[in-house]
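Below is one structure, written out as structure tokens; comments come after it.
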Amino acid sequence: MKILLPIDGSKSSLNAAKYVAKLASNSRSPITVTLVSVHDDTGLTHVKQFVSKSVVDDYLREISEKELKPAQKVLDAARVKHSMVIKRGHIAEEIITLANKDKVDIIVMGAKGRSALLDVLIGSVAQRVSSLAKQPVLLVK
């Protein structure tokens with residue numbers, strides 16, 4: 001089974017990683033996981049006027065690596081085979097595009113992410129992914 005696991009550094013996304021690790025330990029068939037971190041850089045448009053593209057790229061890569069590290073540790077501890085992908089762009093669209101490209105069986109993600117204060121019941125990214133994805137989407141609190 002191929003699982004796409006979007007990670008944004010939130011407690012909810014780490015819980016999703018723990019759920020995937022538990023799922024993998026109970027599975028009889030091999031599970032491969034793709035961890036993905038996506039950052040929408042449209043908010044950095046103004047900054048890009050004063051800072052080089054490479055500085056912005058390095059900054060977003062460092063943030064992504066920092067966010068992915070706890071989930072990677074959870075999967076490593078559970079001996080779950082995984083890879084990591086870092087993307088930039090519209091978050092929900094990038095997640096769906098990667099899910100389709102990699103032909104994943106399921107997307108497992110946190111129900112609320114970085115913008116949890118703005119989203120009362122369900123995160124806006126989780127809502128968009130669950131409504132637009134062709135694959136089943138499992139939201140973890």
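Evaluating VAL55 against the criteria (1) aliphatic (A, V, I, L, M); (2) closer than 26 Å to LYS134 by Cβ; (3) not in a strand (DSSP E or B) leaves one unmet condition, (2).
The one condition from (1) in a loop (DSSP other than H, G, I, E, B); (2) out of contact with any strand residue (DSSP E or B) (no Cβ under 7 Å at 6 or more places or on another chain) that LYS66 does not meet is (1). Cβ-Cβ distances below 8 Å connect the following pairs, each with a first residue in segment 126-141 that is part of a helix (DSSP H, G or I) and crowded, with 18+ Cβ neighbours inside 10 Å, a second residue that is of a type in the set (D, E, K, R) and modelled with pLDDT under 95, and a separation of six or more residues or different chains: ALA126/LYS112. Being exposed (fewer than 11 other Cβ atoms within 10 Å of the Cβ) and of a type in the set (Lys, Arg) is a description that does not apply to LYS48. Cβ-Cβ contacts under 6 Å between residues 6 or more apart (or on different chains), taken from a first residue in segment 5-17 that is within 19 Å of VAL80 (Cα to Cα) to a second residue that is part of a loop (DSSP other than H, G, I, E, B), are listed as SER13/ILE7. Of all residues in segment 77-112, those that are part of a helix (DSSP H, G or I), touching a strand residue (DSSP E or B) at 6+ places or on another chain (Cβ under 8 Å) and modelled with pLDDT of 95 or more total 5. Checking each residue in segment 51-66 for being out of contact with any helix residue (DSSP H, G or I) (no Cβ under 8 Å at 6 or more places or on another chain) and buried (at least 18 other Cβ atoms within 10 Å of the Cβ) picks out only SER64. For segment 4-23, a residue qualifies if it is modelled with pLDDT under 95 and either of a type in the set (A, V, I, L, M) or on the phi > 0 side of the Ramachandran plot (or both), and exactly one does: GLY9.
In this entry, ASP76 passes the filter for residues that are free of Cβ contacts under 8 Å to residues at least 12 places away in the same chain and not hydroxyl-bearing (Ser, Thr, Tyr).
Looking for whichever is of a type outside the set (Lys, Arg) and touching a helix residue (DSSP H, G or I) at 6+ places or on another chain (Cβ under 8 Å) here; the options are GLY43, GLY9. Which one fits? First the steps, then the outcome.
Numbers: GLY43 fails: touching a helix residue (DSSP H, G or I) at 6+ places or on another chain (Cβ under 8 Å).
The unique qualifying residue is GLY9.
Please go through segment 79-102 and give me each residue that is among the basic types (Lys, Arg) and surrounded by 18 or more Cβ atoms within 10 Å (Cβ to Cβ), ordered by number. Matches in segment 79-102: LYS87, ARG88.
The values are calculated or read from the model by the stated rules, or taken from the named source; none is laboratory data. Computed from a predicted structure; not experimentally measured. No Cβ is skipped: glycine too gets one built from the backbone with ideal geometry, and neighbour counts run over all protein chains shown.
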